[in-house]
Each structure stands twice: as structure tokens, then as C-alpha cells.
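Every number here is computed from the coordinates shown, using simple stated rules; none is lab data. Given the structure is predicted, the values throughout are model-derived calculations rather than measurements. Quick reminder, even Gly has a Cβ in these numbers, built from the backbone with ideal geometry, and neighbours come from all protein chains shown.
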Amino acid sequence: MNRPNPIVAGLTGRCPNCGEGRLFLGFLSVRDECEACEFDLRSADSGDGPAVFVILIAGFVMAFAALFTEVVARPPIWVHLVVFLPLTLALCLGLLRPFKGVMVALQFANRASEARHDGG
Ligand SMILES: [Zn+2]
């Protein structure tokens, strides 16, 4: 059986095993099993991983954008609040789902659930 590309499956929110069934139930909850191939998706829990990447990336982008705006335009502080708070929220929420999809898919592709820390 041909496995889908984990990056593509993750970005589109599809099952990493078949690339057909939906990965998410709601906004960020991973389904218990794939609706198309009945693959057990609980084994691919990505934990806090996606949030860490989103914080690092969105934090860098928005901090740079806010500093750049301040240095170039020197707007009043309310402009920063009105522009950058919603933008930061939108960027974080927008990145979270595709990142979680990619991390779950990559963990599946690399068999991270089989990794052990006891040397066995
Ligand atoms: Zn599937």
C-alpha cells in the first residue's frame, strides 16, 4: 500500500496511513481511529510539540514585525495593540493545526511510538 507523503497529509489534515480519512475531530483533537482505513491514530499523539514550534516561529515573526513597525513608523501604542494582538492570535491559530498534522504524520512515518528510552 502506498503511504501518502507525511508533510502533505499533515498539512491537509489527512490520515498519515491512508491519506484519505480526516485526522482531526474538531479544531485540534486527533481522532481515535481513521474513518477510512480504521488505523489507530491514538498512537501518534504529538503532545506539546506543535505548540512549541508555533510559539517559536510566530513569536519570532511577530516580535520582528512589531519592532520593525516601531522603528520605522513610531505609531502610538494602541496601534501595536490593535494590529499585533489579533495578528499574533490569528497566526498562532492558523499555524497550529497544520503543524500538529505534520508532527502526527511525521511521528507515524518515523515510527516514533515504537521508540523506547530503556535501550530495549
Ligand atoms: Zn486512514
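So the values come out like this:
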read-out	value
MRE, 222 nm, helices only [DSSP H, n ≥ 4, -39500 (n - 2.57), over the chain, to nearest 500]	-18500 deg cm²/dmol
Ranked by how many other beta carbons lie within 10 Å on average, peptides 17-26, 42-51, 99-108 from highest	99-108, 17-26, 42-51
Using θ = phi - 60° and Karplus 6.51 cos²θ - 1.76 cosθ + 1.60, couplings along segment 75-86 (whole Hz; Gly, Pro as x)	x, x, 4, 5, 5, 4, 5, 6, 8, 8, 5, x
Descending semi-axes in whole angstrom, ellipsoid equivalent of segment 6-120, from the Cα gyration tensor	36, 16, 10
Over segment 1-88, relative contact order from alpha-carbon pairs under 8 Å, at least 6 apart, %	14
Selected from G47, F68, L96, residue furthest toward positive end of dipole (segment 25-120; charges at beta carbon)	F68
Nearest-ten-degree value, helix 49-73 long axis tilted from longest Cα axis of the chain	20
